[in-house]
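The values are calculated or read from the model by the stated rules, or taken from the named source; none is laboratory data. Note that the structure is a prediction, hence the values are computed from the model and not measured. Note that each Cβ is placed from the backbone with ideal geometry, even for glycine, and that neighbours are counted across all protein chains shown. Note: accessible area is taken over every heavy atom of the protein model, side chains too, but ligands, DNA and RNA are not part of it. Shrake-Rupley method; radii C 1.70, N 1.55, O 1.52, S 1.80 Å.
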Amino acid sequence: MISVAEALDRLFSLASPLDVEEVPLRNAGGRVLARPVEAQRDQPPFAASAMDGYGVAEAAPGQRFSVIGEAAAGRAFTGSVGGGEAVRIFTGAPIPDGVKTVVIQEDVDRDGDVITITERLGPGDNIRPYGNDFRKGLRIDAPRVLGPQDIALLAAMNIANVPVTRRPKVAIISTGDELVMPGEDPGPDQIIASNTFGLYVLMQQLGADPRLLPIARDTEASLRTIFGMVDDADLVVTIGGASVGDHDLVANVAADMGLQSAFHKVAMRPGKPLMSGRFGKAMMVGLPGNPVSAMVCGHVFLAPVIRAMLGLGAAAAPRETLRLAAPIGENGPREHYMRARLCREGVTVFDRQDSALLSVLGSADALAVRPPHDPARAAGDEIEVIRL
């Protein structure tokens, strides 16, 4: 068996960043910017009014001005404003020649086409300078996951098409005679394929393009048929059949079909039977079949692999150090990823850690990470956690 850290290193050696594609700006949200982009214009491209009011050359209480025109967003006043003159101006409108300050409409009294500045006159010129937000050539560096604020900025920069990393195509294969799909009627010896769908959503949330292949039955013929449907996947994820039982056929069938193995078995719990390698043009990761084991391995191994494929770097799942809210016993010889709940007092590790208990995983929002042979811990001791 190899350690979790070594397993991750071997996975990263198989997970190269994917190629770049351009997508319309409206489709770039949540995607990974693949190369830097630069603003194509200044923002704002002209000095603009920050308020609704009147543009004048100078302002003081008691001054009177004749209103000679109007400026609105998208409709500039094309003349020049001289002494004793004012232009009615609205937020976002270009500042006309001669205007040095915008008096907000609440600080004037208007009678026909004449305004008088009142004693309420406030400070400031209420003008947004040319290029005040950013100038042409402003650079957004890559890689980065593009959120709503980024998309708004790219739009203002006049970027219509965005270079992003292609989404990894992930083929997910569940194996086992005991499995049926949700909504089907299971036989007396069957269960519902559950972790398949949890991993599918995890892949989606990470920015991959997952697809579910049919359930492979516990025969070499069935496995070969389903493996033949992998097509153009960048990553093949199998669930179950990776152990050493008489019905665990994935490793042998995959090897017969050309799998170049990277490792098999990791010193962790849950998740010991993990395997990986190169399967044709795709990377392959074989997960254990126990529901919690598969989902834990999804967070510990698959999530970093997807991020690496997206060009976000080769790094383990982020950890943070918190304090235990209650004591826990000593750990065994393998690194243990224990379902836990975060609370005001710190981290509460659940008593029940059986790898078949999805209900416990559903109540967890973190994995508490225990090193091999970690001694018993008291409330208040520090522990590393991975947020789910």
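Could you please let me know if D113 is open to solvent by 70 Å² or more (accessible area, probe 1.4 Å), free of Cβ contacts under 8 Å to residues at least 60 places away in the same chain, more than 30 Å from R307 (Cβ to Cβ) and in contact with a strand residue (DSSP E or B) (Cβ under 7 Å, 6 or more places away or on another chain)? Don't jump to the end; show me each part of the working.
Numbers: open to solvent by 70 Å² or more (accessible area, probe 1.4 Å): yes; free of Cβ contacts under 8 Å to residues at least 60 places away in the same chain: yes; more than 30 Å from R307 (Cβ to Cβ): yes; in contact with a strand residue (DSSP E or B) (Cβ under 7 Å, 6 or more places away or on another chain): yes.
Yes.
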Would you list the strands (runs of 3 or more DSSP E) that sit entirely within the stretch 1-95 and hold 1 or more residues that are modelled with pLDDT of 95 or more and open to solvent by 50 Å² or more (accessible area, probe 1.4 Å)?
20-24, 64-71, 85-89
Check the stretch 217-229 and report whether any residue there is of a type outside the set (F, W, Y), touching a helix residue (DSSP H, G or I) at 6+ places or on another chain (Cβ under 7 Å) and open to solvent by 60 Å² or more (accessible area, probe 1.4 Å).
yes
State whether one or more residues within the stretch 264-274 are open to solvent by less than 10 Å² (accessible area, probe 1.4 Å) and in a strand (DSSP E or B).
yes
Hey, among the residues in the stretch 111-168 that are polar (S, T, N, Q) and assigned to a strand (DSSP E or B), which one's farthest from the chain's Cα centre (by Cα)?
T116
Identify all residues within the stretch 315-353 that are open to solvent by 50 Å² or more (accessible area, probe 1.4 Å) and within 19 Å of M268 (Cβ to Cβ); write none if there are none.
A315, A316, P318, R319, E330, P333, R334, F350, R352
Just one of (1) open to solvent by 10 Å² or more (accessible area, probe 1.4 Å); (2) closer than 24 Å to G258 by Cα trips up G277, so point out which.
(1)
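Which one of D9, D42, D19 is charged (D, E, K, R) and farther than 25 Å from D232 by Cα? Before the answer, list the steps.
Details: D9 fails: farther than 25 Å from D232 by Cα; D19 fails: farther than 25 Å from D232 by Cα.
One residue alone meets the criteria, D42.
For the stretch 41-52, indicate whether the set of residues that are within 30 Å of L310 (Cα to Cα) and touching a Leu at 6+ places or on another chain (Cβ under 7 Å) is non-empty.
Taking every residue of the stretch 41-52 in turn, none turns out to be within 30 Å of L310 (Cα to Cα) and touching a Leu at 6+ places or on another chain (Cβ under 7 Å).
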C297 versus (1) open to solvent by 10 Å² or more (accessible area, probe 1.4 Å); (2) in contact with a Gly (Cβ under 7 Å, 6 or more places away or on another chain); (3) at pLDDT 95 or above: which is the lone unmet condition?
(1)
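Output the residues belonging to the stretch 169-215 that are outside any loop (DSSP other than H, G, I, E, B) and among the acidic types (D, E). Lay out the reasoning, then the answer.
Step one: of the stretch 169-215, the residues outside any loop (DSSP other than H, G, I, E, B) are 169-175, 179-180, 191-192, 195-206, 209-212.
Across the stretch 169-215, the qualifying residue is only D209.
Just one of V253, V285 is open to solvent by less than 10 Å² (accessible area, probe 1.4 Å), within 27 Å of F227 (Cα to Cα), without any contact (Cβ under 8 Å) to a residue 40 or more places away in the chain and out of contact with any Pro (no Cβ under 7 Å at 6 or more places or on another chain); which is it?
Just a single option satisfies the conditions, and that option is V253.
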